[in-house]
Amino acid sequence: MRRLFLPVLLLAAASLSAADPAKDLPKFQGGDLNKYWTDACARCHGANGSGRDNSGKPLPDNGFDFTDSRKANKKKDSDWIKVTLDGKDKMPAFKDKMSQADVEKMIPIMRKFAAK
Ligand code: HEC
């Protein structure tokens, strides 16, 4: 029993951290912000902003459906900038990963999800 316990515990811990979408978020290095959405945001918000993966399954910690134009159109750019920089609940803060100017440039990307 004791022999089995530690490896099982380590396995459980490893799979838990691998499933944490807020882990190892890359820093924005300049360049294409659409690519940064794919690298840093899509793991929770989905490639198309819906909070679902390519098979339509809801992602863990998806939080907000950017394709829901009724909801998205009620949101102010300034609120989205603030949440992205400072975080909110399970939404990680990105202020150490990207500048405010970069976040501002990302707003049209988030707006486009609802426009489709
Ligand atoms: C670890 C998962 C995760 C990652 C990664 C993530 N988000 Fe979020 N995001 C969330 C969650 C969860 C919420 C909902 C927060 C709440 O309202 O409680 C959210 C909310 C938001 C909101 C506010 C939406 C609203 O009006 O309620 C914006 C804007 C946003 N995210 C932008 C981004 C951007 C831009 C990135 C990438 C740079 C990103 N997020 C990466 C999980 C994530």
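Dipole check for segment 14-116: with +1 at the C-beta of Lys and Arg, -1 at the C-beta of Asp and Glu, and the Cα centre as origin, the magnitude is about 360 Debye. Assuming charge only on the beta carbon of Lys and Arg (+1) and of Asp and Glu (-1), the dipole of segment 37-94 about its Cα centre is about 220 debye to the nearest 20.
Between the residues Pro92, Met106, Gly31, the greatest Cα displacement towards the positive end of the dipole of segment 22-116, with unit charges on the Cβ of Lys, Arg, Asp and Glu, is found for Met106. Both radii come from the Cα set of segment 23-115: Rg as radius of gyration, Rh as Kirkwood radius; their ratio Rg/Rh reads 0.92.
Working note: Cα atoms of segment 15-76, range along each principal axis, descending, whole Å: 35, 30, 21.
Every number in this text was worked out from the coordinates using simple rules, so none of it is lab data. None of the values given here were measured: they were computed from a predicted structure. A quick note on method: Cβ atoms are made from the backbone with ideal geometry, for glycine too, and the neighbour counts reach across all protein chains shown.
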